[in-house]
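To start, the structure under review is shown below, and the notes come after it.
Values quoted throughout were computed directly from the atomic coordinates according to the rules given, and no laboratory measurement underlies them. As the structure is a prediction and not an experimental result, all values here were calculated from the model. Cβ atoms come from the backbone with ideal geometry, glycine included; neighbour counts cover every protein chain shown.
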Amino acid sequence: MFPLGTALLPGEVLPLRIFEPRYRAMLDDCLATADGPPRFGVVLIARGSEVGGGDVRHDVGTFAAIERVSRDPVGLSFVHCVGTRRFRVTEWLPDDPYPRAEVALLDEPKISTTSRADSLALGARIREIVVDAYARRGEHLPDDLPSFDAADLDDAGLFGWAARLPIGAADRQSLLEAPDFPARIAILDDAVEGFAARIAFDA
């Protein structure tokens, strides 16, 4: 397990620079013992620091699949990961030397016709806000900006949208913990309106 100061969302890219000996050991164990693609769990730190231990952690997190690893001569490891499945910690185990836990996978809810329509309405609102934000700054829209429409809405679509928006760690964690699409839509809608209010205030 790798507690961090941010919540990793399914489908989100996570670049890591690993320097603590305990997490270098975790990486070595993941690469040596993986049955299938190597992975580890990422959870948001509720209280405390990423470095040194003694933190309090949330129990719902996301598996990070390791795609690439490079190392430098002084012992730093650069790891490219992607978020995959959500899980819930059922039991925290003693650190040895890194955090460990027993976990249970969380099922992904299926999107209903109503939730799909609500999601697309929210996507149109997000697109409007993002376009306005770039226009106010006199910047061009990035080429890889999601369309926020049906083309990139699937069972994990809201996670993909949220990963590209400047929302806080608490909102990201709430999205991870939300049991269904209506709850996710409500959380992301509130976060987007907060983002819009900040843009209007800064204008």
*asked:* Name the residue from Leu76, Phe2, Ala32 whose Cα lies farthest towards the positive end of the charge dipole of the chain, charges +1 on Cβ of Lys and Arg and -1 on Cβ of Asp and Glu.
replied: Leu76
*Fewest to most neighbouring Cβ within 10 Å: what's the order for Thr90, Thr62?*
Thr90, Thr62
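In debye to the nearest 20, how big a dipole does the chain give about its Cα centre with +1 on each Lys and Arg Cβ and -1 on each Asp and Glu Cβ? Kindly include the intermediate steps, with their values, before the conclusion.
Numbers: 22 positive and 33 negative charges, 58 e Å.
For the chain, the charge dipole is close to 280 debye.
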*asked:* Charges at C-beta only: +1 for Lys and Arg, -1 for Asp and Glu. How large is the resulting dipole of segment 2-105 about its Cα centre, in Debye rounded to 20?
replied: 240
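For a quick protection proxy, order the peptides 169-180, 22-33, 131-142 by their average other-Cβ count within 10 Å, most packed first. Walk me through the intermediate numbers first.
Working: 169-180: 18.2, 22-33: 14.7, 131-142: 11.2.
Top to bottom by mean Cβ count within 10 Å: 169-180, 22-33, 131-142.
How do Phe181, Phe19 line up, fewest other C-beta atoms within 10 Å first?
On the way: Phe181 21, Phe19 12.
So the residues, fewest neighbours to most, are Phe19, Phe181.
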*If you add up the charges near Ala117, with Lys and Arg at +1 and Asp and Glu at -1, over every other residue whose beta carbon is less than 14 angstrom from its beta carbon, what do you get?*
-1
*Once you have the Cα-Cα distance between Asp143 and Thr33, take 0.36 nm times their residue separation minus that, and quote the gain in nm to one decimal.*
35.7 nm
_Fully extended contour minus Cα-Cα distance, from Asp59 to Arg100, at 0.36 nm per residue_ = 13.6 nm
*Between segment 79-113 and segment 122-171, what's the alpha-carbon centroid distance in Å?*
26
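If you restrict to DSSP beta bridges whose two residues both lie in segment 2-105, what percentage is antiparallel, to the nearest 5?
Values: 28 of 31 bridges.
Here the antiparallel bridges make up roughly 90 percent for segment 2-105.
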